[in-house]
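Where a number appears in this text, it was derived from the coordinates with a stated rule and is not lab data. None of these values were measured; they are calculated from a predicted model. Ideal geometry is used to build each Cβ from the backbone, glycine not excepted, and the neighbour counts take in all protein chains shown.
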Amino acid sequence: MRSQEPRSTSSCSACKLLKRRCVPNCLFAPYFPSDEPKKFVKVHKVFGASNVSKILNEVVKEQREDAVNTLVFEAEARLKDPVYGCIGEIASLQGKMAQLQHDLAVAKARLAHCAVVKASTSLLPVDDQLEMLPFNPVYDGFFDGQVFDIDQTHVVDGFSEAPFLL
């Protein structure tokens, strides 16, 4: 825990910002060292030094570092998104998690489908097996089976495209 580390002779970032003398038993010093001035600036801007002092006094010493880290996170979130703050970040992460769960379910369904197709076609010739796959690695339907010469330029959907290599 930082509160048991020896203090340097310089003031903590809180006392520097508040332009006051940093006393040896300063409440902010263990959590807002002088080498991290932006940390206290953000917390002070959102919560105010008085409120931070009250919060730290109400929290038991063993949990103060966690409380400071939470205050810093909340202050950074509030400065980044003044309307929603932490809730905006939580909602964004929940949305990403839901999308990833959906993607995982789709991938599992595709794997299951491929396993069923493979099991049901294991006795068929290879060409027949490729035609039954949902995505054919040899022929994906985009070029309609045409083989293009490397030196040709083709028009696809009305747009001129670079030469295709199949």
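Annotations
- Its convex hull of Cα atoms gives the stretch 2-80 a direction-averaged projected area, equal to a quarter of the hull surface, of 4.8 nm².
- Inter-label distance, L100 to K80: 1.6 nm, where each label sits 7 Å from its Cα along the C-beta direction.
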